[in-house]
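**Student:** Below are the structure tokens for one structure; questions will follow.
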Amino acid sequence: MSTSSPNDQLTSAEAVELVALAGGLAHEIRNPLSTISMNIQLLVEELEPSATPRDQRMLARLLTVQKECLTLEETLSEFTQFVRLGHLEQEPRDLSELVRRFLNFIGPEAKAKNIEIASYLSSDLPSVLIDERLFRQALLNLARNAFQAMERGGRLEFQTYQKDGAVVLTVMDTGPGVSDKLLPRLFEPFFTTKVSGSGLGLPTVKRIIEAHNGVIHCESTPGKGTRFVITLPSSH
Ligand SMILES: Nc1ncnc2c1ncn2[C@@H]1O[C@H](COP(=O)(O)OP(=O)(O)O)[C@@H](O)[C@H]1O
Ligand SMILES: [Mg+2]
């Protein structure tokens, strides 16, 4: 990214307009893209039974296009999520309880990926005002990244505790970690080190946490693992 001069700073009204525009664009792309995907699928089904070399070559090309369409569809849906948090529906919640239910949900996937889940959840947390749907999305983005980082298995640990009247959640993995050079870029929109990554997972997490008046930061030791620390205000 180029360095910004005062001239390229957006006013907040312009920013809001741009966000709406970007969201609208994503929406406009989605429909034709799904028509393209559907037709590719039909062509794939037509070619699949045939074994002529020409058909097989066409099939291979179509599968490549199909994969790219899927990546685009995922990027669009992550992008829409990122730009449109929408109105928060917050209710007082026990964060430990919410995390526990989330862990039940990701348990089977973790097991299949040879990842051990550990949790140290405080049983007497003050409640936090949480939009449960959005918060689960944030947890899911963090867990997905951890799963992807620990390709050959590992350990993912969730911890909740109180600190100075706030509620803290840490999510720690035993993956390869992030170098000091890349660490400051992790929450930048579109920053990714993955071949078909969107680079929108962590920016979305950050937006969700900040919409809850919380903060998130990341600590990492290359070769050891990565820890995300989320601090949220308690609701009383
Ligand atoms: N748990 C993690 N361990 C190591 N690197 C991570 C972890 N989570 C995120 N990253 C790094 O941060 C980048 C941005 O993550 P994210 O915004 O979710 O986008 P994406 O997953 O699409 O790449 C990833 O590409 C990866 O390099
Ligand atoms: Mg991600």
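Every number here is computed from the coordinates shown, using simple stated rules; none is lab data. On a predicted model such as this, the values are computed, not experimentally measured, just so you know. As a convention, Cβ positions derive from the backbone with ideal geometry for all residues, glycine included, and neighbour counts pool all protein chains shown.
**Student:** Helix 201-211 against the longest principal axis of the chain: what's the angle in degrees, Cα atoms only, rounded to the nearest 10?
**Tutor:** 40
**Student:** If I stretch the segment between Q56 and R185 completely, what's the gain in nm (0.36 nm per residue apart, minus their alpha carbon distance), one decimal?
**Tutor:** 42.2 nm
**Student:** Let me ask something else. I'd like the orientation of helix 53-83 relative to the chain: the angle between its Cα long axis and the longest Cα principal axis, in ° from 0 to 90, rounded to 10.
**Tutor:** Orientation of helix 53-83: about 30 degrees from the principal axis.
**Student:** Please give the net charge around N39, taking every other residue with its beta carbon less than 13 angstrom from that of N39, where Lys and Arg add +1 and Asp and Glu add -1.
**Tutor:** Once positives and negatives cancel, what remains is -2.
**Student:** Another question, then. As I understand it, the value is the acute angle between the Cα axis of helix 132-149 and the longest principal axis of the Cα atoms of the chain; what does it come to in degrees, rounded to 10?
**Tutor:** 70
**Student:** Taking the Cβ of E132 as the center, what net charge do the other residues with Cβ under 10 Å away carry, scoring Lys and Arg +1 and Asp and Glu -1?
**Tutor:** +1
**Student:** What lysines does K181 reach when the alpha-carbon gap must be under 27 Å and sequence neighbours fewer than 8 apart in one chain are set aside?
**Tutor:** Leaving aside lysines fewer than 8 places away in the same chain, those within reach of K181 are K194, K206, K224.
**Student:** Give me the net charge for the shell around F105: Cβ to Cβ below 15 angstrom, other residues only, Lys and Arg +1, Asp and Glu -1.
**Tutor:** Overall, the nearby charge balance is +4.
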